[in-house]
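Novice: One structure is given below, represented as structure tokens, and several questions about it will come after.
The values are calculated or read from the model by the stated rules, or taken from the named source; none is laboratory data. Every value quoted in this text rests on a predicted model; they were computed, and no experiment measured them. Because the Cβ atoms are built from the backbone with ideal geometry, glycine has one as well, and the counts that use them run over all protein chains shown. Surface areas here come from the heavy atoms of the whole protein model, side chains and all, with no ligands, DNA or RNA. Shrake-Rupley method; radii C 1.70, N 1.55, O 1.52, S 1.80 Å.
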Amino acid sequence: MPYRRVTLSQFMMEEQHRCGGSGVLTSLLTDISVICKMISHEVNCGALLGNLGMEETKNIHGEKQKKLDVLSNKIFMHIVTKSKNYAALASEELENIHVINDSVSQYLLLFDPLDGSSNIDINNAVGSIFSILRLPNDTNCSTLVAFLQPGINQVAAGYAIYGSSTMLVLTTGNGVNGFTLDQNIGIFGLTHPNMQISKDANEFAINASRSRFWEPPIKRYIDEALSGIDGPRSKDFNMRWVASMVAEVHRILCRSGIFMYPVDTKNIYHGGKLRLMYEVNPMAFIVEQAGGLAITGYERILDLKPKSLHQRIGVILGSKNEVEILYRYHKEYDRMHN
Ligand code: AHG
Ligand code: MN
Ligand code: MN
């Protein structure tokens with residue numbers, strides 16, 4: 001890494017001085033960066049460390065766990081439990097919240113230890129997602145209520161992507177910055193300062209195998225996009241589907257676009273597919289901090305008051321003008337049918 005590059009630690013110290021902070025946020029994010037380096041190593045070595053394949057167990061969502069889902073969750077828990085920087089944590093892989101240190105720390109950590117884990121065995125990109133909340137005054141962190149805060153309350157959020165390089169992308173509510181891991185020296189360097197999502201886009205990501213279950217506003221948007229330059233949108237669109245939300249959001253931060261995992265007639269019973277508190281909220285915070293937008297179709301994601309820790313939700317996020325078109329299509333449909 002060139003010596004002139006700003007490291008993640010230097011960046012966090014600068015932010016801390018700028019905000020007149022006490023250094024707590026720096027400690028919280030240092031934990032995250034250590035965790036991501038450790039997971040990156042395990043993902044990278046893959047079969048060499050015997051890390052591919054399934055466990056016998058299922059998680060709270062009834063999904064079969066991969067070895068790396070379980071291992072990544074253990075790494076998060078180990079580092080955070082030892083450092084005692086967080087009061088309590090919640091994970092995609094744990095049914096209940098886990099209290100660590102409710103007498104000193106004022107912060108709560110929520111995470112998806114490994115996102116897109118169907119990609120592990122085929123050596124495609126996976127990631128980790130995290131969200132940090134402040135413990136509300138007069139709330140005991142050992143209660144679930146402390147966690148059920150709208151996404152707008154997030155103090156910081158981000159993701160690590162374990163792709164052709166490992167990156168940590170994060171926001172503390174003051175824009176989005178991306179850091180690339182130099183594997184040789186184990187240091188993240190600032191490579192993507194002030195990441196921005198352009199307002200317009202012509203690339204969408206949706207699991208098209210579910211098209212027969214889509215609601216009419218989604219069908220309308222995709223049909224119009226597919227009709228290209230001769231259709232009502234008067235432009236050609238491209239399509240991608242990585243099956244890892246981290247990889248999709250990262251692509252959108254790098255070259256714009258839109259990602260959708262909407263509520264459809266098949267997943268409506270569960271409220272959608274993706275989990276609000278540790279997948280969708282942190283990504284919505286990142287996307288909005290980069291100038292994009294994140295909605296369910298009818299509502300802004302960051303304003304939602306969560307109902308439960310593992311609540312699922314429909315999500316449409318990315319380039320603002322495209323997301324606003326989808327918002328309008330939902331409104332128009334609603335008006336015609338209600
Ligand atoms: P996870 O691996 O944490 O369970 O999350 C996978 C999620 C998300 O990252 C991705 O966009 C989506 O599930 C993929 O869903 P399909 O299997 O329908 O493609
Ligand atoms: Mn996930
Ligand atoms: Mn996961």
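Novice: Expected output is a single nm value to one decimal: the length gained when fully extending between SER22 and GLN106, i.e. 0.36 nm times separation in residues minus the C-alpha distance. What is it? Can you show the working numbers first?
Specialist: Working: separation 84, 0.36 × 84 = 30.24 nm, distance 1.28 nm.
Result: 29.0 nm gained on full extension.
Novice: Mind giving me the FRET efficiency for SER308 and HIS192? R0 is 30 Å, r the Cβ-Cβ distance, nearest 0.05 is fine.
Specialist: Working: r = 34 Å, r/R0 = 1.15.
E between SER308 and HIS192, to the nearest 0.05, is 0.30.
Novice: Just to be sure I understand the rule: take each whole DSSP H helix in the chain, project its Cα atoms onto its long axis, keep it if the span is 30 Å or more and its mean Kyte-Doolittle hydropathy is at least -1.0. Which ones pass?
Specialist: Working: long enough: 24-45 (32 Å, 1.05).
Those that pass (Cα extent of 30 Å or more, hydropathy at least -1.0) are 24-45.
Novice: Quick check: pseudo-label points 7 Å beyond the Cα along Cα→Cβ at GLU15 and TYR298, how many nm apart are they?
Specialist: 3.5 nm
Novice: Right, another one. Pairs to check: LYS74/LYS273; LYS58/LYS320; LYS66/LYS199. Give those whose C-alpha atoms are more than 31 Å from each other in this structure.
Specialist: On the way: LYS74/LYS273 24 Å; LYS58/LYS320 37 Å; LYS66/LYS199 37 Å.
Pairs exceeding the cut-off: LYS58/LYS320; LYS66/LYS199.
Novice: Here is a follow-up. Can you give me the accessible area per residue for the chain, using a 1.4 Å probe, in Å²? Write out the running numbers ahead of the final one.
Specialist: On the way: 14920 Å² over 338 residues.
Here the residues of the chain average 44 Å² of exposed surface.
Novice: Still on this structure, I have one more. Based on alpha-carbon atoms only, what is the radius of gyration of segment 58-204 relative to the globular estimate 2.2 N^0.38 Å?
Specialist: Working: Rg = 16.5 Å, N = 147, 2.2 N^0.38 = 14.7 Å.
So the Cα radius of gyration is 1.13 times the expected 2.2 N^0.38 Å.
Novice: Expected output is a single nm value to one decimal: the length gained when fully extending between ASP334 and LYS219, i.e. 0.36 nm times separation in residues minus the C-alpha distance. What is it? Intermediate values should be presented prior to the final figure.
Specialist: Values: separation 115, 0.36 × 115 = 41.40 nm, distance 1.44 nm.
Here the answer is 40.0 nm.
Novice: If you average the sequence gap of Cα pairs under 8 Å that are 6 or more apart and divide by the length of segment 203-337, what percent do you get for the contact order? Walk me through the numbers before you get to the answer.
Specialist: Details: 209 pairs, mean separation 35.9, N = 135.
In percent, rounded to a whole number, it is 27.
Novice: Which whole number in µm²/s is D for segment 1-139 by Stokes-Einstein, with the Kirkwood Rh taken over Cα pairs at 20 °C and 1.002 mPa s?
Specialist: Numbers: Rh = 16.4 Å.
For these conditions, the coefficient is 131 µm²/s.
Novice: Just subtract the alpha-carbon distance of GLU95 and SER165 from 0.36 nm times their residue separation and send over the number in nm, one decimal. Walk me through the intermediate numbers first.
Specialist: Numbers: separation 70, 0.36 × 70 = 25.20 nm, distance 3.17 nm.
Residue separation times 0.36 nm, minus the Cα-Cα distance, leaves 22.0 nm.
Novice: Still on this structure, please answer the following. Averaged across orientations, what area in nm² does the convex hull of the alpha carbons in segment 67-131 project? Numbers along the way, then the final one.
Specialist: Working: hull surface 17.5 nm².
Mean projected area of the Cα convex hull: 4.4 nm².
Novice: Quick one: pull the percent of accessible area on segment 1-140 belonging to carbon and sulfur, 1.4 Å probe, ligands and nucleic acids left out. Could you put the intermediate results ahead of the total?
Specialist: Working: 3480 of 6910 Å².
Of the solvent-accessible surface of segment 1-140, carbon and sulfur hold 50 percent.
Novice: From the alpha carbon gyration tensor of segment 203-337, can you work out the equivalent ellipsoid semi-axes (sqrt of 5 times each eigenvalue) and give them in Å, largest to smallest? List each step's numbers first, then the result.
Specialist: Working: eigenvalues 93, 63, 40 Å².
In descending order, the three semi-axes are 22, 18, 14 Å.
Novice: Would you mind checking the radius of gyration and Dmax of the chain based on alpha-carbon positions, in Å?
Specialist: Rg and Dmax of the chain, Cα atoms, are 19.6, 63 Å.
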